[in-house]
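One structure is given here, and the rest of the page talks about it.
The values are calculated or read from the model by the stated rules, or taken from the named source; none is laboratory data. Quantities reported herein were computed from a predicted structural model and do not represent experimental measurements. A quick note on method: Cβ atoms are made from the backbone with ideal geometry, for glycine too, and the neighbour counts reach across all protein chains shown. Side chains are part of the model used for accessible areas, which takes the heavy atoms of the whole protein and leaves out ligands, DNA and RNA. Shrake-Rupley method; radii C 1.70, N 1.55, O 1.52, S 1.80 Å.
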Amino acid sequence: MSKQKKLSLAFIIIVVVAVVIDQIIKIWVKTNMQLGEVIPVFGHWFNLHFIENEGMAFGLSFGENFGKLLLSLIRVGVVSFIIYYIIRSIRREQIDMLATCVLSLIVAGALGNIVDSAFYGIAYHYAPFMYGRVVDMFDFHLFPIPDGVPIFGGSYFFPAIFNFADSCVTIGIILMICFYKHFFKNENENKEAATEK
């Protein structure tokens, strides 16, 4: 199998599998839990806590209806650009397996939340296309943050409730930061190769 086919296959598998896992979890939560319900999973450390938000990661919101639509359109635009970048880089053989997998995780996470925004409002009869709410459920109370800490004092680490899609985006970004030299090295090599041609 050629390198292009391997990278293309890795991209497709990661995106499809991650989006399917994300949607299975969300549909299970929506069909088996009441909004606001909490199910303890591991003591007080980890709960399933069913909430919905306007679409930003980790339960953040961005304005009312206009902000919701703008956020959805920005997300679609960013994901479209990353997909285009991956496909173009694979065709030109300017990307390796690590970069493909990392960017695929980010795409998968963003797509998982786009599906919520695009279709959940219609499917559950509460909002039009692109105005649906994103389902969050993972609630970790790992350890308390001292009261004296600005902003977050008195809450738990990690205070936000999130979903599998958020995790994919976060892991992808963390890996990009951890391997930033690798990413920039590839970018520089690609520019040098393009200049030589």
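Structure summary
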{"item": "For the chain, built as a Gaussian network whose Cα springs stay under 10 Å, the top-fluctuating residue of Ile114, Ile122, Ile14", "result": "Ile122"}
{"item": "Over the chain: helical MRE at 222 nm, DSSP H runs n ≥ 4 each giving -39500 (n - 2.57), nearest 500", "result": "-19000 deg cm²/dmol"}
{"item": "The chain: relative contact order as a whole-number percent, Cα under 8 Å and 6+ apart", "result": "26 percent"}
{"item": "Label of the coordinate-derived value, P(r) over Cα pairs in 10 Å bins from 0, in percent, listed as [x] 9, 29, 31, 21, 9, 2, 0; [y] 9, 35, 32, 18, 5, 0; [z] 9, 39, 38, 12, 1", "result": "[x]"}
{"item": "Charge dipole magnitude, Cβ of K and R +1, D and E -1 - the chain, Cα centre, debye nearest 20", "result": "820 debye"}
{"item": "Acute angle (nearest 10 degrees) that the helix 97-115 long axis makes with the longest principal axis of the chain, alpha-carbon atoms", "result": "40 degrees"}
{"item": "Length-normalised contact order of the stretch 90-142 in % [C-alpha pairs under 8 Å, at least 6 apart]", "result": "23 percent"}
{"item": "Selected from Ser89, Ser117, Ser155 as most flexible by GNM, with the chain as the system and alpha-carbon contacts under 10 Å", "result": "Ser155"}
{"item": "Within a Gaussian network of the chain (alpha carbon springs, distance under 10 Å), most fluctuating of Gly148, Gly121, Gly77", "result": "Gly148"}
{"item": "Local electrostatic count, Asp139, Cβ distance below 14 Å [Lys/Arg +1, Asp/Glu -1]", "result": "-4"}
{"item": "Under-5 Å amide H pairs with Tyr156, H placed in peptide plane, nonlocal only", "result": "Ile145"}
{"item": "Vicinal HN-Hα couplings computed from phi for the stretch 127-142 (Karplus, 6.51 cos²θ - 1.76 cosθ + 1.60; Hz; Gly/Pro x)", "result": "7, x, 3, 6, 10, x, 9, 8, 8, 10, 8, 8, 10, 9, 10, 5"}
{"item": "Cβ-derived FRET efficiency at R0 41 Å, Asn65 paired with Ile21, nearest 0.05", "result": "0.85"}
{"item": "Exposure ranking of Ile174, Ile83 by accessible area [1.4 Å probe, largest first]", "result": "Ile174, Ile83"}
{"item": "Folded to 0 to 90 degrees: helix 164-178 orientation relative to the chain principal axis, Cα", "result": "50 degrees"}
{"item": "Sparse-neighbour loop sites [chymotrypsin sites (Phe, Trp or Tyr not before Pro); the stretch 121-178; at most 16 other C-beta within 10 Å; DSSP]", "result": "Tyr124, Tyr126, Phe129, Phe152"}
{"item": "Nearest-ten-degree value, helix 65-91 long axis tilted from longest Cα axis of the chain", "result": "30 degrees"}
{"item": "Order of exposure, largest accessible area first, which applies to Cys168, Cys178, Cys101 with probe 1.4 Å", "result": "Cys178, Cys101, Cys168"}
{"item": "Placed amide H near Met130: partners under 5 Å, 5+ positions off or other chain", "result": "Ala118, Phe119"}
{"item": "Per residue, in Å², the accessible surface of the chain once ligands and nucleic acids are set aside, probe 1.4 Å", "result": "59 Å²"}
{"item": "Residue-by-residue Karplus 3J(HN,Hα) for the stretch 36-48, coefficients 6.51, -1.76, 1.60, Hz, glycine and proline x", "result": "x, 5, 10, 10, x, 10, 9, x, 8, 6, 9, 10, 8"}
{"item": "Carbon/sulfur fraction of accessible area - the chain, other protein chains in place, 1.4 Å, %", "result": "71 percent"}
